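Written out below as structure tokens is the structure these notes cover.
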Amino acid sequence: MSLKDLIRGKKAHDKFATATPATFATPTPEERQAVATVATVAVAIPADPIPKTLVSVGTSDTAIAYHWWRFHYSNREPKEASYWPPVNEAEALVGEPDAISAEPFEPVRRQPDEPLTEKDEALIRVWLARINETDDETIQAVLDQCRGDADARASFIRLGNKGDNQETTSEQRTILLN
């Protein structure tokens, strides 16, 4: 059926209707207001299509999730924290009720001054074994991070030194390194 047929068919079934303007709840004329002073409607039609991927606008974008957050306080120095899985600003601020703001940042990684020694690698492996980490990919990722990030290396070695406070025997070291 074409549009023309629809229009013709409609005319055959036309019925008369009346329209009544809406009345105000307060019928006195002095209390009536024009619609323009009561409500304003704005319609925006974008010239370009909306991008399909999220774009980070900067630190004020609260919808993007990040690993690292720096918290600012009114009465003390800023504090930095990392989250896994990544969180957005609102989720990060939940754990820091005294913070007045939070900003995501990417930490600057310090390169180690020397290569990872066998003793340090053994300590890191001891800690990984202590926390029951047996996945080879994860172990390799931790060791790779320790080879390229001095702060991560120091942290993991410190964790390896905690715990039993026992010296790792050469036999244990050989098992851990293989």
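Nothing in this text is a laboratory measurement; each read-out follows from the coordinates by a stated rule. As the structure is a computational prediction, the values presented were derived from the model and not from experiment. Counting neighbours? That spans all protein chains shown, and the Cβs are built from the backbone with ideal geometry, glycine included.
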Taking 0.36 nm per residue of sequence separation and subtracting the Cα-Cα distance, how much length would be gained by fully extending the chain between Glu91 and Asn161, in nm to one decimal?
21.9 nm
Quote to one decimal, in nm, the extra length available between Lys79 and Glu137 on full extension: 0.36 nm per residue of separation minus the C-alpha distance between them.
17.8 nm
What distance in nm separates the simple spin-label points at Asp144 and Trp68, each placed 7 Å from Cα in the Cβ direction?
1.9 nm
